[in-house]
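One structure is given here, and the rest of the page talks about it.
The values are calculated or read from the model by the stated rules, or taken from the named source; none is laboratory data. These numbers were taken from a predicted model, which means no experiment stands behind them. In this analysis, Cβ positions are derived from the backbone assuming ideal geometry, glycine residues included, and neighbour counts consider all displayed protein chains.
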Amino acid sequence: MGYRITKYIFLFCTYFFLLAAYTFSSAQSTNKGIYIVNSNTKVPLQDVSVQCLDVPFHAITDDNGFIDLKLLPKGAKKVLVSCIGYQLDTIAIATLSFTKNNTAIVYLSPKVASLQEINVTTSSNKGIFKTISNLDIHLRPISNSQEILRMVPGLFIGQHAGGGKAEQIFLRGFDLDHGTDIHISVDGMPVNMVSHAHGQGYADLHFAIPELIDNVYFNKGPYYADKGNFTTAGFVAFNTKDYLENNFAKLEGGQFGTYRAVTGINLLTTKGDRRNQSLYLAGEGFFSKGYFESPQNFKRFNGLLKYHGSLNANNTLTAMLSGFTSKWNASGQIPDRAVASGLVGFYGAIDNTEGGKTSRHNAQITLQTKLANNGILRNQLYFSSYQFELYSNFTFFKEDPVNGDQIRQKESRNMVGYNGSYQKAFAIGNVKTETKAGIQVRYDAIDNIELTRTQNRTTNTAALMLGDVNEWNTGAYFAQSFSFTKALDVTAALRADYFTNRYQDQLALQILSSHSTILSPKLNMNYRINDKIQLYLYNGRGFHSNDTRVAVQQNGKKALPPAYGTDLGGVCKLGKKLVLQTAFWYLWLDQEFVYVGDEGVVEAGGQTRRIGFDLSARYEVAKNLFADMDVSLANPRAIGVAKAASYLPLAPRFTSVGGLTYKKEQGWNGSLRYRFMSNRPANEDNSVVAKGYMVVDAAINYTQPKWEAGLFIQNLFNTQWKETQFDTESRLQTETTPVSEIHFTPGTPFFAKLGFTVFF
């Protein structure tokens, strides 16, 4: 039944996609404009600033590197073209060579970015601390795209199931589990899995290949109308490359039997003065025995095929197929007492039959249309087929003293969705304004989602949960921005979400369903005191969505508990080389129901509030040498309970990341970085503590036009640390009664790997 419904929704969205595309692309007009292009690769450059030096005019290039000169005032003679990471260029309009279709090309030469080029401007969108670039990713020691999340200021991750499982995420006083309150996407397609076998919002990013990530855009809080479900603590949006600058082949090898190979091949040759279309194929293979006493034997294979091109002057088509599959063994979490007694080593296992396998295959297509009124219409369709099977054992012999407590979590899912948006900038008198509106539809059909007690992965000993989930989410939003003066802009927005949840319980032989709706208003303000200081005040309502198996039990009440947030902060540039951003923030949640996938039960968390302070600093120490530091303080508490019992287990309270980075286009470059997390309460009364840690990583590369070699080291000083920790009640086979204490997964010891890349 789920498959048939998915098919009908896919056909409906496809019809809507094609109808919208035809309607708005059939009456287009070609406007005079310029393309901004990388002088070396001929790749179009996005987000380039074009500012007139004679009369008031400012614009930003679109996804194709295009600037429409339709609104360029008469008398304009020169424009300043600027982009971080490229040489500034002043262009005389009269010297541009326009072709028959009224377009000209401007080339920018790449260079290492300097903080001297940073300008503090009023904007509720992208900023210096809100975008992670391809160069930043390139200079960090990472093994997969999930680890790129660590580059978001204040965000920490932890792996506790052999590498193949999605990492645990921490941000702004939240233990986000695997993605309960953070929205993660890749090229507009959601990563978070609703009503997952392991837990709500499960976000597995391993299907993305790190070398293909062009940039990562992120922000914190529930303040952004185009981001719906899971956007409570914030969002992280990954964007893959539209153009592959060069063909490449890369080999990596390291300790613990670790090997990795990745390649990317352009299937279309470069023609003309700019690349107006691209088709490339990429693949990745990874294997590691791992540093545990019981080998992980982790295998992962990724593939991607992507097309991006201009159909005509006003329409751009992007289509992508991607997928991955992985399989692994895991040592799971082990109790402190087992290590202290010598029963197992620090990297040992109680049940060495844990592990799993998973796969995800995606298809998406996006059509961007420039309308005759200079507005932008974007239509996107996506589909994902997903499989998941995980074996875990957290309590050992507590529930079943004979066979043990191993569980299997399994599901088969089809997900289909549509994202449509409209964007238009115009003026009302002397007030510049911009409209953004959109519709988002997502449907998940999950068959045979189960929780089963097993032994050695092969024998089923008890069926705990088994059923089918159908979840539909329709969202619509409208945002209007006003630039009342050069110093002040205000954005008011409203989002509406509607959910339909249906659960067919195959064990209880019953069908439960619910419907819920929520409105989420937003109000954001930016005020520029001068060209060095900008203040901002963001306010918004979001929601904490619930697993379908929770929602259907609420009868529409508390199915979408609201969240209210406020950020008060500023961006300040001190001198030419130091930039600071600060934020005082507050977040209140009405209810935090949690579906515990490991036990098949619902925990009602009650109301919570989180108060915190964030500080980010970037300093250019010398030419090509940069220092950065991010500090996050949070005081997360439960409301309506005794103060002594109001701690939120595992919620981070003080974290910091930072380091030094040396960047050059060619020759030597690298980084030395630390990450620190302080002690955290592991239970509600803070009588059990999850110990903090500090880990230092390093990377060094030598780059030439045709090749590159690098050494990457994780945990440079070989710190013994606990990556994930839980206060769990368990019983070992030799014990007569259960014991509650810290159970942990050890973090990576000193790990070095070498890499060599050929460009061709």
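What are the residues in the range 499-539 that are assigned to a strand (DSSP E or B), among the β-branched types (Val, Ile, Thr) and within 12 Å of residue 487 (Cβ to Cβ), if any?
Filtering the range 499-539 down to residues assigned to a strand (DSSP E or B) leaves 499-505, 510-528, 533-539.
Still in the list and also among the β-branched types (Val, Ile, Thr): 500, 511, 517-518, 533.
Hit for the range 499-539 is 533, nothing else.
Among the residues that make up the range 474-481, is at least one of them in contact (Cβ under 8 Å) with a residue 60 or more places away in the chain and closer than 20 Å to residue 199 by Cα? Break it down stepwise before answering.
So in the range 474-481, the residues in contact (Cβ under 8 Å) with a residue 60 or more places away in the chain come out as 475, 477-479, 481.
Of the ones still in play, those that are also closer than 20 Å to residue 199 by Cα are none.
Looking for residues that are in contact (Cβ under 8 Å) with a residue 60 or more places away in the chain and closer than 20 Å to residue 199 by Cα, one finds none in the range 474-481, hence no.
Count, please, the residues in the range 455-502 that happen to be closer than 15 Å to residue 547 by Cβ and within 28 Å of the chain's Cα centre (by Cα).
10
Please work out if residue 703 is of a type in the set (Ser, Thr, Tyr), in a loop (DSSP other than H, G, I, E, B) and either within 27 Å of the chain's Cα centre (by Cα) or farther than 30 Å from residue 399 by Cβ (or both). Please lay out each step first, then the result.
Details: of a type in the set (Ser, Thr, Tyr): yes; in a loop (DSSP other than H, G, I, E, B): no; either within 27 Å of the chain's Cα centre (by Cα) or farther than 30 Å from residue 399 by Cβ (or both): yes.
So residue 703 does not fit the description; no.
Go over the candidates 684, 735 one by one and state the one that is surrounded by fewer than 19 Cβ atoms within 10 Å (Cβ to Cβ) and in contact with a helix residue (DSSP H, G or I) (Cβ under 7 Å, 6 or more places away or on another chain).
Result of the check over 684, 735: 684.
Yes/no per residue for (1) outside any loop (DSSP other than H, G, I, E, B); (2) at pLDDT below 75; (3) surrounded by fewer than 16 Cβ atoms within 10 Å (Cβ to Cβ):
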{"site": "63", "(1), (2), (3)": "no, yes, no"}
{"site": "73", "(1), (2), (3)": "no, no, yes"}
{"site": "76", "(1), (2), (3)": "no, no, yes"}
{"site": "79", "(1), (2), (3)": "yes, no, no"}
{"site": "107", "(1), (2), (3)": "yes, no, no"}
{"site": "112", "(1), (2), (3)": "no, yes, yes"}
{"site": "116", "(1), (2), (3)": "yes, yes, yes"}
{"site": "129", "(1), (2), (3)": "no, yes, no"}
{"site": "143", "(1), (2), (3)": "no, yes, no"}
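Any idea which of 650, 625 is in contact (Cβ under 8 Å) with a residue 12 or more places away in the chain and surrounded by fewer than 16 Cβ atoms within 10 Å (Cβ to Cβ)?
Working: 650 fails: surrounded by fewer than 16 Cβ atoms within 10 Å (Cβ to Cβ).
Only one candidate passes the filter, namely 625.
Here's a check for you: in the range 361-372, which residue that is closer than 21 Å to residue 203 by Cα and either of a type in the set (Ser, Thr, Tyr) or out of contact with any Asp or Glu (no Cβ under 7 Å at 6 or more places or on another chain) (or both) is surrounded by the most Cβ atoms within 10 Å (Cβ to Cβ)? Outline the logic, then answer.
Step one: list which residues in the range 361-372 are closer than 21 Å to residue 203 by Cα, which gives 361-364.
Then drop every residue that is not either of a type in the set (Ser, Thr, Tyr) or out of contact with any Asp or Glu (no Cβ under 7 Å at 6 or more places or on another chain) (or both), which leaves 361-363.
Working: 361: 16, 362: 21, 363: 17.
Checked the range 361-372; the qualifying residue surrounded by the most Cβ atoms within 10 Å (Cβ to Cβ) is 362.
Please state which one of 223, 217 is crowded, with 20+ Cβ neighbours inside 10 Å and among the hydroxyl-bearing types (Ser, Thr, Tyr). Steps first, answer last, please.
Details: 217 fails: crowded, with 20+ Cβ neighbours inside 10 Å.
Criteria check complete, one pass: 223.
Restricting attention to the range 398-416, report how many residues are among the β-branched types (Val, Ile, Thr) and either surrounded by 18 or more Cβ atoms within 10 Å (Cβ to Cβ) or within 14 Å of residue 465 (Cα to Cα) (or both).
Narrowing the range 398-416 to residues among the β-branched types (Val, Ile, Thr): 402, 407, 416.
Subset that is either surrounded by 18 or more Cβ atoms within 10 Å (Cβ to Cβ) or within 14 Å of residue 465 (Cα to Cα) (or both): 407, 416.
Total satisfying the criteria: 2.
Can you tell me which residues in the range 626-684 are among the acidic types (Asp, Glu) and under 24 Å from the mean Cα position of the chain (by Cα)?
Narrowing the range 626-684 to residues among the acidic types (Asp, Glu): 628, 630, 665, 684.
If the condition is that a residue be among the acidic types (Asp, Glu) and under 24 Å from the mean Cα position of the chain (by Cα), then 628, 630 are the ones that fit.
Between residues in the range 704-726 that are at positive phi and residues that are of a type in the set (Asp, Glu) and part of a strand (DSSP E or B), which pairs lie under 9 Å by C-beta distance while being six or more apart or on different chains?
From residues that are at positive phi, the pairs are 715/697.
So which of 445, 476, 425 is assigned by TED's automatic domain parsing to the domain that holds residue 349, over 21 Å from residue 519 (Cβ atoms) and surrounded by fewer than 20 Cβ atoms within 10 Å (Cβ to Cβ)?
Values: 445 fails: surrounded by fewer than 20 Cβ atoms within 10 Å (Cβ to Cβ); 476 fails: over 21 Å from residue 519 (Cβ atoms).
Of the residues listed, the single one that is assigned by TED's automatic domain parsing to the domain that holds residue 349, over 21 Å from residue 519 (Cβ atoms) and surrounded by fewer than 20 Cβ atoms within 10 Å (Cβ to Cβ) is 425.
One line per residue, one yes/no per condition, for (1) within 20 Å of the chain's Cα centre (by Cα); (2) in the same structural domain as residue 295 (by TED's automatic domain parsing); (3) hydrophobic (A, V, I, L, M, F, W, C):
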site: 355; (1), (2), (3): no, yes, no
site: 381; (1), (2), (3): yes, yes, yes
site: 393; (1), (2), (3): no, yes, no
site: 400; (1), (2), (3): no, yes, no
site: 418; (1), (2), (3): yes, yes, no
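Which one is surrounded by the most Cβ atoms within 10 Å (Cβ to Cβ) among residues in the range 249-308 that are among the charged types (D, E, K, R) and under 30 Å from residue 98 (Cα atoms)?
The first filter runs over the range 249-308 and keeps only residues among the charged types (D, E, K, R), leaving 250, 252, 260, 271, 273-275, 284, 289, 293, 299-300, 306.
This time we only want the ones that are under 30 Å from residue 98 (Cα atoms), so: 271, 273-275.
Working: 271: 10, 273: 12, 274: 20, 275: 25.
Only one residue fits best here, namely 275.
Among the numbered criteria (1) closer than 30 Å to residue 86 by Cβ; (2) surrounded by fewer than 17 Cβ atoms within 10 Å (Cβ to Cβ); (3) hydrophobic (A, V, I, L, M, F, W, C), which one does residue 642 miss?
Every listed condition holds for residue 642 apart from (1).
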